[in-house]
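Each remark here refers to the structure printed beneath this line.
The values are calculated or read from the model by the stated rules, or taken from the named source; none is laboratory data. Computed from a predicted model, the values in this text were never measured in an experiment. Cβ: placed from backbone, ideal geometry, glycine included. Neighbour counts: every protein chain shown.
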């Protein structure tokens, strides 16, 4: 596990269930180095207090940007006066008021629309959106790095980001060295079973900055690592560079199959005991 900094995703769910420093200290004892919060404008006051508290406990932070409704960048139109872009800009300015010890990684979903949306049109929207976002990043001195997440295939929706080729195209089009990928191994494996994952190439692996890891219970994802449905060891062994790895386990899902806290720590142990 030396290659990966280990963290907990969907942390707002876990911290709501266990809002104590005792829980934070247990995570530390299990080797957790960072936590990942889902962030939006609506919950920002609460989330910012939680982030500052976690930072005081000497944990690192990664953020997962909200992606539904007005946060879906498929609704971006033309320029920065667009409502979706204004929401991103306001949220990023708020995030930038927090002092982080290092450049902050923010995980983004790409554009998603229900059919009959056309993928080529979504690509143009997302490329323009990201290009403008990077211009604002430079102008406003946002100390962020962005990672686009590999998304799950859905036959009812058109998405940018459901294959490795999608992510590579985004990277090639926007031409930003610090733009990376979040390789969600659960999504990737589900897409592999559906024949929609894309190839694992050297170019793709070199851009992996962040990883989401979770297991499946039948067809449902974001479960603890106890069902052995996702062959994550072989995927992790391919990644050549340092990366952050977040166990993205849904608290309610864990509660369905046992004691959630026990299963969270069991997942950490399973990962650390079998890193390859």
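Here is how the numbers come out for the structure above:
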quantity	calculated
Looking only at region 206-226, and only at residues there that are modelled with pLDDT of 95 or more and out of contact with any helix residue (DSSP H, G or I) (no Cβ under 8 Å at 6 or more places or on another chain), the one that is surrounded by the most Cβ atoms within 10 Å (Cβ to Cβ)	210
The lone exception for residue 59 - which of (1) touching a strand residue (DSSP E or B) at 6+ places or on another chain (Cβ under 7 Å); (2) at positive phi it fails	(2)
Looking only at region 150-185, and only at residues there that are modelled with pLDDT of 95 or more and in a strand (DSSP E or B), the one that is farthest from residue 219 (Cα to Cα)	180
Any hit, region 240-261, residues being modelled with pLDDT under 95, in a helix (DSSP H, G or I), under 20 Å from residue 189 (Cβ atoms) and within 19 Å of the chain's Cα centre (by Cα)	no
Positions within region 156-193 being touching a strand residue (DSSP E or B) at 6+ places or on another chain (Cβ under 6 Å), within 30 Å of residue 138 (Cβ to Cβ) and surrounded by fewer than 19 Cβ atoms within 10 Å (Cβ to Cβ), in sequence order	178
Conditions (1) at pLDDT below 95; (2) within 24 Å of residue 177 (Cα to Cα); (3) buried (at least 18 other Cβ atoms within 10 Å of the Cβ): number failed by residue 105	(1)
Qualifying residue in region 124-132 (condition: surrounded by fewer than 20 Cβ atoms within 10 Å (Cβ to Cβ), closer than 25 Å to residue 102 by Cα and touching a helix residue (DSSP H, G or I) at 6+ places or on another chain (Cβ under 6 Å))	yes
Top-ranked residue of region 73-98 - restricted to ones that are at pLDDT 95 or above and not in a helix (DSSP H, G or I), ranked as nearest to residue 143 (Cα to Cα)	96
Filtered residue count, region 185-219, keeping only those that are free of Cβ contacts under 8 Å to residues at least 12 places away in the same chain and within 20 Å of the chain's Cα centre (by Cα)	1
Top-ranked residue of region 51-76 - restricted to ones that are touching a residue at least 24 places away in the same chain (Cβ under 8 Å) and surrounded by fewer than 15 Cβ atoms within 10 Å (Cβ to Cβ), ranked as farthest from residue 27 (Cα to Cα)	52
Some residue of region 227-235 being within 30 Å of residue 269 (Cβ to Cβ), part of a loop (DSSP other than H, G, I, E, B) and without any contact (Cβ under 8 Å) to a residue 24 or more places away in the chain	yes
Options 38, 27; residue that is modelled with pLDDT of 95 or more, in contact with a strand residue (DSSP E or B) (Cβ under 8 Å, 6 or more places away or on another chain) and assigned to a strand (DSSP E or B)	38
Residue match in region 109-120 (condition: closer than 19 Å to residue 176 by Cα and touching a residue at least 60 places away in the same chain (Cβ under 8 Å))	yes
Residue match in region 81-92 (condition: surrounded by 13 or more Cβ atoms within 10 Å (Cβ to Cβ) and farther than 28 Å from residue 169 by Cα)	no
Residue tally, condition in contact with a strand residue (DSSP E or B) (Cβ under 8 Å, 6 or more places away or on another chain) and assigned to a helix (DSSP H, G or I), over region 107-133	4
